[in-house]
Amino acid sequence: MEDIIILGTGCAGLTAAVYTARANLSPLVLEGGQPGGQLTTTSEVENFPGWPEGIDGFELMDKMRKQAERFGARTAFAEVESAELGAGVKRLTTGDGTVHEARALIIATGARPRTLGIPGEKEMWGGKGVSTCATCDGAFYRDMEVVVVGGGDSAAEESLFLTRFCSKVTLVHRRDELRASKIMADRVLANKKIEVLWDSVPEEVLADDGGMTRAVRVRNVKSGETGEVACKGFFIAIGHIPNTVPFAGQLPLDENGYLVPEGKSAVRTKIPGVYVAGDCADHVYRQAVTAAGMGCQAAIEAERWLAESD
Ligand code: NAP
């Protein structure tokens, strides 16, 4: 049995790994479908302290992983499908039926992009024009017109990133003001390549004869009018869904599926030795640095709990 298992290799999981590894706990870090977490799909990270010029998201996560491994953290690919979380043993079953057991567990499974559920979205997913990651797919749309949907920092960031390649970016937002931070919103509004369609929602992604994205049908929520916006790429940036399904029934989840910490602590749960960290349990701050902070708190809590229960 492991002393401690950490689920997730985003900012929260890897920071917990650095701390528990430096406490000589030799953590086993299980990584799921998105190694390195959401920052690996972001471009420049400008708000992580210590990087005055900004740092590429993938590079930041690579450095965190190396830092954790330097102190003895071990990583393995494993998608956890179910969990039995007792005060003594925490038992995790992965997709291939492997069972991992640990005395302590830190859940840092993050969140994944939310989608719209409109016609055409699934059909044109991936190589046919619909994407949730401008960093991954933006370069395919050089000199083409694209649409981004959303009004938060992600949508702003995706739109700005896409202006590096695309001839025009139409940002479709369902309200008449952006939710994004002021600095990001100002950059969007000042960028001549970006046109914002306010009070509008996409209703359908339309295909050309070859099944590739050719336009998005958009409806103005105030006037009810609909129209088509020509685009080869359609980028969805409307928030995230926490990766918490294996823990339903074991730990409390809120109405949006986020893990709910116990009492005043941000990282403790009702089960002794089980802690949460990062975006799977935080729908308020959701920043790389706050996820890292929660990973640190969870690691210190776990380390103390293990020492006390020895
Ligand atoms: P978010 O802040 O939750 O924004 C989601 C946006 O999508 C909102 O504008 C929302 O509209 C819109 N939306 C949600 N559901 C929709 C639907 N079904 N149809 C149409 N529009 C819909 O999510 P986020 O932008 O991914 O950001 C998440 C967190 O990460 C935030 O805390 C953000 O600050 C942070 N972040 C920071 C950076 C950075 O600083 N560089 C970059 C990315 C993300 P409403 O406004 O009407 O609710």
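The values are calculated or read from the model by the stated rules, or taken from the named source; none is laboratory data. No experiment lies behind these values; they were computed from the predicted model shown. Heads up, the Cβs are rebuilt from the backbone with ideal geometry, glycines too, and the neighbour counts pull from every protein chain shown. SASA here: full protein model, heavy atoms, side chains in, ligands and nucleic acids out. Shrake-Rupley method; radii C 1.70, N 1.55, O 1.52, S 1.80 Å.
Worth a mention:
- Test for MET144: is it open to solvent by less than 30 Å² (accessible area, probe 1.4 Å), of a type outside the set (Asp, Glu) and more than 16 Å from the ligand (Cβ to nearest atom): no
- Taking first residues from the stretch 149-163 that are over 15 Å from ARG114 (Cα atoms) and among the polar types (S, T, N, Q) and partners that are part of a helix (DSSP H, G or I) and more than 6 Å from the ligand (Cβ to nearest atom), the Cβ contacts under 6 Å between residues at least 6 apart in sequence or on separate chains come to SER159/VAL188.
Residues checked against (1) outside any strand (DSSP E or B); (2) within 21 Å of PRO35 (Cβ to Cβ); (3) open to solvent by 50 Å² or more (accessible area, probe 1.4 Å); (4) more than 11 Å from the ligand (Cβ to nearest atom):
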residue	(1), (2), (3), (4)
GLU101	no, no, yes, yes
LEU105	no, yes, no, yes
GLY120	yes, no, no, yes
GLU123	yes, no, yes, yes
CYS136	yes, yes, yes, yes
ASP186	yes, no, yes, yes
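- Among (1) under 30 Å from CYS296 (Cα atoms); (2) among the small types (Gly, Ala, Ser); (3) in the same structural domain as ASP143 (by TED's automatic domain parsing), the one test that GLY263 misses: (3)
- Selection status of ALA78, away from the ligand (no atom under 16 Å from the Cβ), under 22 Å from ASN243 (Cα atoms) and touching a strand residue (DSSP E or B) at 6+ places or on another chain (Cβ under 8 Å): yes
- Checked against the criterion of being among the small types (Gly, Ala, Ser), touching a residue at least 24 places away in the same chain (Cβ under 8 Å), open to solvent by less than 20 Å² (accessible area, probe 1.4 Å) and under 21 Å from THR132 (Cβ atoms), the candidates GLY32, GLY10 yield just one match: GLY10.
- Residue list for the stretch 188-206, filter: touching a strand residue (DSSP E or B) at 6+ places or on another chain (Cβ under 9 Å), part of a helix (DSSP H, G or I) and open to solvent by 30 Å² or more (accessible area, probe 1.4 Å): LEU189
- Scanning the stretch 224-236 for residues being open to solvent by less than 80 Å² (accessible area, probe 1.4 Å) and either on the phi > 0 side of the Ramachandran plot or in contact (Cβ under 8 Å) with a residue 24 or more places away in the chain (or both) gives a total of 8.
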